[in-house]
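Q: Following this message is one structure expressed as structure tokens.
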There are 2 protein chains.
Amino acid sequence: MNDKQLTSILNARSVKPTAMRLLVLDMLAQQEAASSLSDLEEQFDKVDKVTLYRTLKTFEQHKIIHSIDDGTGSAKYALCSEGCECNPGDLHVHFHCQVCKRTFCLTDYTIPAVNLPHKFVLKEMNMVMKGLCEDCAG
Amino acid sequence: MNDKQLTSILNARSVKPTAMRLLVLDMLAQQEAASSLSDLEEQFDKVDKVTLYRTLKTFEQHKIIHSIDDGTGSAKYALCSEGCECNPGDLHVHFHCQVCKRTFCLTDYTIPAVNLPHKFVLKEMNMVMKGLCEDCAG
DNA sequence: AAAAGACATGCAACCGATTTGCAAAGTTTA
DNA sequence: TAAACTTTGCAAATCGGTTGCATGTCTTTT
């Protein structure tokens, strides 16, 4: 993705396109799997972890990325699809490979509806499947 | 539950019924919602956190309890149903209330099946719903 | 019963991920 | 340009989870 495209993603979400942010957004856009804070930190090797952290928080608040709790103890981040509002209906399943440790967004696999007990109100949902990804299943 | 019942649960899973373990198991059995390590620590007020931690680990390994990752950053624990083997088929949905912060096992709500992409192998699953529980929805 | 072994408990300290405080640098606005 | 605000960088705290190691307890063996 070129700078113009990246900038317009940020603008669309009212986030000022600073150099740092464009860099991080670009990096995220290149990833096949969701990235943790430390994944990103390693890839850049010159950026401050806290700045990275705050950049991700800003992105998350503005629904540029969503965070994924895959149960490994470190949050992963991945780009939201265009116009995503992170509502239960927008949510997809995530898959964590126990071998290569990568976590994928299965964007084509929406979380199936579950009836809740009477009176419970659903706001958010998280569904993570774990096992072997296609590369590791062989 | 009386001591005899508690002891037999432990024996059934080959865990030596020490005083500590009976105490913790009893406490867990009394809970309506899943408990974190610190929840339990507060309830007892005289036990060492590490001992509690190791007790829970032992219980978990022997499938007396299961741990729940509700996304809050602290693991919750709840009793397994009798004979539970913690296989994907045994799994139920969990619900975390964003108001009262309690996490419940919805044991009657099994996790719906999701087709995975070709070649992916499923080993484990986690599904957490978040929102308002019946008490907080009002 | 004494000694040996095995497991359980308690305390201190560490670890990794995340978060906060605060000062410095960069931008925007009056 | 100066004041006001935002972003960035570094240090350090917090928090949940975990390990090492000494001590205590219980069981088994001699």
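The values are calculated or read from the model by the stated rules, or taken from the named source; none is laboratory data. Keep in mind that what you see is a predicted model, and the values were worked out from it rather than measured. Don't worry about glycine lacking a Cβ; one is built from the backbone with ideal geometry, like all the others, and counts go over all protein chains shown. Side chains are part of the model used for accessible areas, which takes the heavy atoms of the whole protein and leaves out ligands, DNA and RNA. Shrake-Rupley method; radii C 1.70, N 1.55, O 1.52, S 1.80 Å.
Q: Do you know which residues across segment A:42-76 are within 9 Å of DNA strand C (Cβ to nearest atom) and crowded, with 16+ Cβ neighbours inside 10 Å?
A: Hits for segment A:42-76 are A:L52, A:L56, A:S67, A:D69, A:T72, A:A75, A:K76.
Okay, residues lined up against (1) within 12 Å of DNA strand D (Cβ to nearest atom); (2) within 28 Å of A:K130 (Cα to Cα):
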{"site": "A:L6", "(1), (2)": "no, no"}
{"site": "A:R13", "(1), (2)": "yes, no"}
{"site": "A:M20", "(1), (2)": "yes, no"}
{"site": "A:E32", "(1), (2)": "no, yes"}
{"site": "A:V50", "(1), (2)": "yes, no"}
{"site": "A:Q61", "(1), (2)": "yes, yes"}
{"site": "A:A75", "(1), (2)": "no, yes"}
{"site": "A:Q98", "(1), (2)": "no, yes"}
{"site": "A:K101", "(1), (2)": "no, yes"}
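Q: Based on this model, can you work out whether B:F95 counts as aromatic (F, W, Y) and more than 12 Å from chain A (Cβ to nearest Cβ)?
A: So B:F95 fails the test.
Q: Report whether or not A:A12 is of a type in the set (A, V, I, L, M, F, W, C) and either under 22 Å from B:T72 (Cα atoms) or in contact (Cβ under 8 Å) with a residue 12 or more places away in the chain (or both).
A: no
Q: Quick check on segment A:11-27: of everything there that is among the aliphatic types (A, V, I, L, M) and outside any loop (DSSP other than H, G, I, E, B), which residue is nearest to DNA strand C (Cβ to nearest atom)?
A: A:A19
Q: Now for a separate question. Taking A:L132 as the residue in question, decide whether it is out of contact with any strand residue (DSSP E or B) (no Cβ under 6 Å at 6 or more places or on another chain), at negative phi and touching a residue at least 12 places away in the same chain (Cβ under 8 Å).
A: Against the criterion (out of contact with any strand residue (DSSP E or B) (no Cβ under 6 Å at 6 or more places or on another chain), at negative phi and touching a residue at least 12 places away in the same chain (Cβ under 8 Å)), A:L132 does not qualify.
Q: Can I ask one more? Let me spell it out: the conditions are (1) among the basic types (K, R); (2) more than 14 Å from chain A (Cβ to nearest Cβ); (3) touching an Asp or Glu at 6+ places or on another chain (Cβ under 7 Å), and B:K16 meets all of them except one. Which number is the exception?
A: Checking B:K16 against (1) among the basic types (K, R); (2) more than 14 Å from chain A (Cβ to nearest Cβ); (3) touching an Asp or Glu at 6+ places or on another chain (Cβ under 7 Å), the one that fails is (3).
Q: Hey, among A:V121, A:V93, which residue is among the β-branched types (V, I, T), open to solvent by 50 Å² or more (accessible area, probe 1.4 Å) and in contact with a Leu (Cβ under 6 Å, 6 or more places away or on another chain)?
A: Residue meeting the stated conditions: A:V121.
Q: Contact list please: Cβ distance under 8 Å, first residue in segment A:96-123 and modelled with pLDDT of 95 or more, second residue among the polar types (S, T, N, Q) and open to solvent by 60 Å² or more (accessible area, probe 1.4 Å), pairs at least six apart or on different chains.
A: A:H96/A:T72; A:K101/A:T72; A:T103/A:T72
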